[in-house]
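Heads up, the thing below is written out as structure tokens.
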């Protein structure tokens, strides 16, 4: 059974109000007011959405069994009441990255860039989920979703800054940083 596709629909409705959109590398995305997150098992994305990003929350591709167990033990659930801040960061990597064999990507990802070890330092303050998009023919390879409390905003900035300075990020050819706040009900 195929994994469900999650839709990030940008428009004028949705639980998350867009505070800013910044192109970090490559072209930007059009500005909008809100993001609505829908699982493919739910209703069809609304037609009024200005654009749509899709991804699949599948298995972690570069983690070892030990790393996965540690992430699962420390990773908080999404949707925590206090986590009213979020970031959606779509990323596309260069053809040079995808031309590397899997083991070489893993070496850059963790052994030299310490991506997983870095992320673990910010758990449980920053909850995260990775959505794979490359095999869906989307304009991005990954959609990274983070949720955190306002008190943890500086820790989130530190996390993102550390990752962006890593060797792995030299392979990023497009990145857009979308910051959000949960809309009042």
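Of all residues in the range 1-36, those satisfying the criterion of being closer than 17 Å to residue 131 by Cβ and without any contact (Cβ under 8 Å) to a residue 60 or more places away in the chain are 2, 3, 4, 7, 9, 10, 36. Tell me, please, whether a residue that is touching a helix residue (DSSP H, G or I) at 6+ places or on another chain (Cβ under 6 Å) and within 20 Å of residue 168 (Cβ to Cβ) can be found in the range 70-84. No; the residues of the range 70-84 include none that is touching a helix residue (DSSP H, G or I) at 6+ places or on another chain (Cβ under 6 Å) and within 20 Å of residue 168 (Cβ to Cβ).
In this structure, is residue 32 in contact with a strand residue (DSSP E or B) (Cβ under 7 Å, 6 or more places away or on another chain), at pLDDT 95 or above and surrounded by 11 or more Cβ atoms within 10 Å (Cβ to Cβ)?
no
Does residue 4 fit the bill of being closer than 28 Å to residue 114 by Cα and modelled with pLDDT of 85 or more? Answer is no for this residue. Only residues that are buried (at least 16 other Cβ atoms within 10 Å of the Cβ), assigned to a helix (DSSP H, G or I) and modelled with pLDDT of 90 or more were counted across the range 70-105, and they come to 2. Of the strands (runs of 3 or more DSSP E) contained entirely in the range 107-185, those carrying at least 2 residues that are buried (at least 20 other Cβ atoms within 10 Å of the Cβ), in contact with a helix residue (DSSP H, G or I) (Cβ under 7 Å, 6 or more places away or on another chain) and modelled with pLDDT of 95 or more fall at 142-148. Could you list, in sequence order, the residues of the range 39-69 that are assigned to a strand (DSSP E or B), modelled with pLDDT under 90 and either surrounded by 15 or more Cβ atoms within 10 Å (Cβ to Cβ) or in contact with a helix residue (DSSP H, G or I) (Cβ under 7 Å, 6 or more places away or on another chain) (or both)? Result: 52, single match.
The values are calculated or read from the model by the stated rules, or taken from the named source; none is laboratory data. What you see is a predicted model, and the numbers here were worked out from it, not measured in a lab. Positions of Cβ are backbone-derived with ideal geometry, glycine not excepted, and every protein chain shown enters the neighbour counts.
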